Amino acid sequence: MKTLYIIRHAKSSWEYDVEDRNRPLNERGVNDAGLIGKKLISLINPVDQVLCSDAKRTQMTADIVLSHLTIDRSVFSLEPKLYDFDGHQVIEVIKSCSNQVSSLMIFGHNHALTSIVNMFGSEIIYNLPTAGVVAIHFDVEEWQNISVGKNLFTLFPKELR
């Protein structure tokens, strides 16, 4: 059995003249990530591995969300392939995950993540909002064999404000 937690980065700032990869979160993004982290405490099971895009906004989102959870930071790592907007590299990362990992949390970007939750989830989500979370359960033993799973929950910041 495999569980995938997909989290889109929180709202980023366009205030700074920086490359896309270096855009930070704005104030709403910081607040939304905190709301999500606090709520996830009661929703998630133990997480074996956390992978995060190396973009600044995803790292900031992950830091805030994870600060509320009891996830050992040793299972956290940056994965440059998650800086992907069409989803092919994200799928590659997920499917190549070690089968010793039962639950995987990823932090990434749209449009890739909306495509992936619709490809692998049991419910259509028209747009995974910033700081949105979708949890999907797969009845398989190997990540490479995932196909359509069952949505366990969705969590969007607007539900918590």
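The values are calculated or read from the model by the stated rules, or taken from the named source; none is laboratory data. What you are looking at is a predicted structure, and each value in this text was computed from that prediction instead of being measured. Methodologically, a virtual Cβ is constructed for each residue, glycine included, from the backbone with ideal geometry; neighbour enumeration extends over all protein chains shown. Keep in mind that these areas ignore ligands, DNA and RNA; they rest on the heavy atoms of the full protein, side chains included. Shrake-Rupley method; radii C 1.70, N 1.55, O 1.52, S 1.80 Å.
All told, Met105 meets the bar of being in contact with a strand residue (DSSP E or B) (Cβ under 7 Å, 6 or more places away or on another chain), touching a residue at least 60 places away in the same chain (Cβ under 8 Å) and outside any loop (DSSP other than H, G, I, E, B).
Tell me whether segment 75-85 contains one or more residues that are touching a residue at least 60 places away in the same chain (Cβ under 8 Å) and within 18 Å of Lys11 (Cβ to Cβ). Yes: segment 75-85 contains one or more residues that are touching a residue at least 60 places away in the same chain (Cβ under 8 Å) and within 18 Å of Lys11 (Cβ to Cβ). When restricted to residues that are surrounded by 18 or more Cβ atoms within 10 Å (Cβ to Cβ) and farther than 17 Å from Thr3 by Cα, segment 67-88 contains 5. Among the numbered criteria (1) open to solvent by 90 Å² or more (accessible area, probe 1.4 Å); (2) in contact (Cβ under 8 Å) with a residue 60 or more places away in the chain; (3) aliphatic (A, V, I, L, M); (4) under 16 Å from Ala62 (Cβ atoms), which one does Met1 miss? So Met1 meets the others, but not (4). Looking across segment 110-157, the residues that are assigned to a helix (DSSP H, G or I) and within 19 Å of Arg57 (Cα to Cα) come down to Ala112, Leu113, Thr114, Pro157.
Within segment 42-58, being in contact (Cβ under 8 Å) with a residue 40 or more places away in the chain and polar (S, T, N, Q) holds for Asn45, Gln49, Ser53, Thr58. When Ile91 is tested against (1) open to solvent by less than 10 Å² (accessible area, probe 1.4 Å); (2) of a type in the set (A, V, I, L, M); (3) assigned to a helix (DSSP H, G or I), exactly one condition is not met: (1).
Taken over segment 52-65, the criterion of being in a helix (DSSP H, G or I) and open to solvent by 10 Å² or more (accessible area, probe 1.4 Å) is satisfied by Lys56, Gln59, Met60, Asp63, Ile64. Exactly one residue among Ser96, Ser42 is within 19 Å of Lys158 (Cβ to Cβ), open to solvent by 40 Å² or more (accessible area, probe 1.4 Å) and among the polar types (S, T, N, Q), and that residue is Ser42.
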